1. What is the percent carbon and sulfur in the accessible area of the chain, measuring with a 1.4 Å probe over the protein chains and ignoring ligands?
2. So how do 491-497, 472-478 stack up, highest first, on mean other-Cβ count within 10 Å?
3. Taking a point 7 angstrom from the Cα of LYS245 along the C-beta vector, which residues in the stretch 193-223 have backbone N less than 20 Å away?
4. Hey, can you find the accessible area per residue of the chain for me, probe 1.4 Å, expressed in square angstrom?
5. Computed from the coordinates I sent, Rg/Rh (Cα atoms, Kirkwood Rh) equals one of (i) 0.99; (ii) 0.94; (iii) 1.02. Tell me the label.
6. Please give the contour-minus-distance gain from MET387 to GLU161: 0.36 nm per residue of separation, less the Cα-Cα distance, rounded to one decimal in nm.
7. Taking the Cα-to-Cβ direction at SER397 and at ALA291 and moving 7 Å from each Cα, how far apart do the two end points lie in nm?
8. Whole angstrom only: what separates the Cα centroid of the stretch 304-336 from the Cα centroid of the stretch 215-253?
Amino acid sequence: MKKSIRTIMRKLGCVVLATALIFSCACSRRTSKTRTSRETNEPKETTEETTDDTTDETTDDTTADTTDDTTADTTDDTTADDTTKDTTPSSTAAPSGESAKILHDLDEKLFKESFSDIIDLEFTLDHPENLGIEWPEQGLECWSEEDDENDKKEVEEIEKELAKINVDDLSLEDKMLYETIKADIEFSKRGEKFEYMTATLNSLTGVQTELPLLFATLQIEDVESAERYIKMLRDTYPYFESLLKYEQKRAELGNSLPDKYLENIADSCVAVYKDHDGNYLFTTFDEKINALDIDQAEKTRLIDENKKALEEAFFPAYQMLEKGIKDLYGTAKTQGHLCELKDGKEFYEYYFQLRSGTSLTVEEAIKILEDKIDSTTKEMTQLVFKMTPQEQQQIMSNQSDEYTTGSFEKDIEFCKDKIKTDFPALPDHEYYTFHVPKEMSENFSPAAYMTTQLDNLKKNQLLLNDNSTGLGDMIPTVAHEAYPGHLYEAVYHIAHLNNYYQKTGGSTAYKEGWSTYCENYIMGLTDYSQNIYRYFKLNKDLVNYYIHARVDIGIHYEDWSYDDVVKYLTPLFGGQASEAAEFFYDMDVEIPCYITPYCFGNMNCTQIINDAIKNNPDVSVDKIHAAYLNMGPSNFDLLSKYMQLYVDEQK
């Protein structure tokens, strides 16, 4: 399924992170409807960082000091292994001409024609009229069986336009854009044979779990935006009906999930509609309307319309979806392993490459992961012998340090100060803080970054969970979500990239690769014990990334049963192997390749930047970071291919 609501949620990064057992999993932007690419086929994920009660993160890289940030910020309480393979492109000329015009006309066309529903446009532009874009009629675009055929036709049209371009006539920046679009189109065509292979609903990151928070965080600034909001609420019912039709089609083909996982999805629907009197979707809307400078009669009308939309459409949509999912009980023909499906192993390798942002074969990925598991285990052992007795005792007690200067706002200022040397400056921008409703706080991370609109850098939105148990580790969280992580990257790309395709695109692997790199980089600049931080970081990488990703491959490519997972984990987890296996198995069956983008995004981003630092000792770290960001979101093969050329431009 390639509908905009799914890409919107990926773009926003408004992740709900569920915690389970002793493990945590790193959770994590909108793409054109025509962009059937490495981005559009991905399931929703977020830019949310791991909440980890037992493991912490450090870096596979070098550290130094980081961005001059000339921001106008407002905390508004109301305020790896080298896995790339391509060769380096030859020309770095920067001409303009017919080829560049064709490319940018295509880029603009894809962008303007991509808005098929209100929610997509709301999160992308503040004033679409300035670009001649009208508000769509649909609040949420429904899925239909004709979508894939329409997408194929659009892909063919894009290919025809790309064929008119002489790549040698393009500037370096335009070559990167051209190759990124071309690679996405070629990748999309490979996937045309795979239909109904993965679910659009799941109990952790599914559309139905994220939509309420999306609505709660939408800004309402006038009567028109309030009426658009209410339209979106009312369109939830037909939208969910279309998602249910998709899942029913999967069931007809024998591709449905086993009942255990369908039950989890049904329960997630109940969690939204049950006892909804006083739900935050009532109260947050009321607060936004009462803050508007409009007459009281209009306020009353809008508040009443919102209440009707919730009671007549939104909450009933969840009841309908719950019933529809329950009607699918007993339809599964497999254990939920992708390799059990027709062409399942071939699809898994395709999906793995989509999620990892690489061209790795599964066998190559297995080798990388097993090497990482071995080397990380050895490094952790060696690190313990280098520790002081006090540090060793702390490790034995499984107690990491607390990483905070005392408050969310202070930690933001701390990170902004740390990046002044080693990261390029940002243009003026602002952010405001949305406090996560108490109803959602239990399964939400300490903080997350949402997004900002392309034409208004004053609307960066950070989500803060005041009830989180992870508030004591806010420095790495802020580095990941804000500076120099997701917020910084979004603002930088909007300010510096010359095209819409990359400004509004970017796979989960690209985005999480950058943010985990930044998180680790900043922590390397602190005065906290680096031995303690690195130990828990290595432990987190080992468990949450390398082992988890290996188990996912085992289940979906090698047909590992639960017992096979226990057997694999026993040498690593000992007496906790069964508990670990249950966590990994259930998550991976319900959400294939869930951890893949975090694992391989982290490895590849870190490797590319560290190689550039090592190979260019005469170039300052801030210019290395600028070079990486200036390439824009793309797959890691292209990022590796172009990195040195972009570094050369910084000299």
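1. 46 percent
2. 472-478, 491-497
3. Residues 195-202, 207-208 qualify, since their backbone N sits under 20 Å from the label point.
4. 36 Å²
5. Among (i) 0.99; (ii) 0.94; (iii) 1.02, the one derived from this structure is (ii).
6. Result for the pair: 75.4 nm of gain on full extension.
7. Taking the simple label geometry, SER397 and ALA291 are separated by 4.3 nm.
8. If we compute the Cα centre of each part, the gap is 12 Å.
The values are calculated or read from the model by the stated rules, or taken from the named source; none is laboratory data. This is a predicted model, so every value here is computed, not measured. Quick reminder, even Gly has a Cβ in these numbers, built from the backbone with ideal geometry, and neighbours come from all protein chains shown. When the accessible area is computed, the model is the full protein with side chains, heavy atoms only, and any ligands, DNA or RNA have been set aside. Shrake-Rupley method; radii C 1.70, N 1.55, O 1.52, S 1.80 Å.
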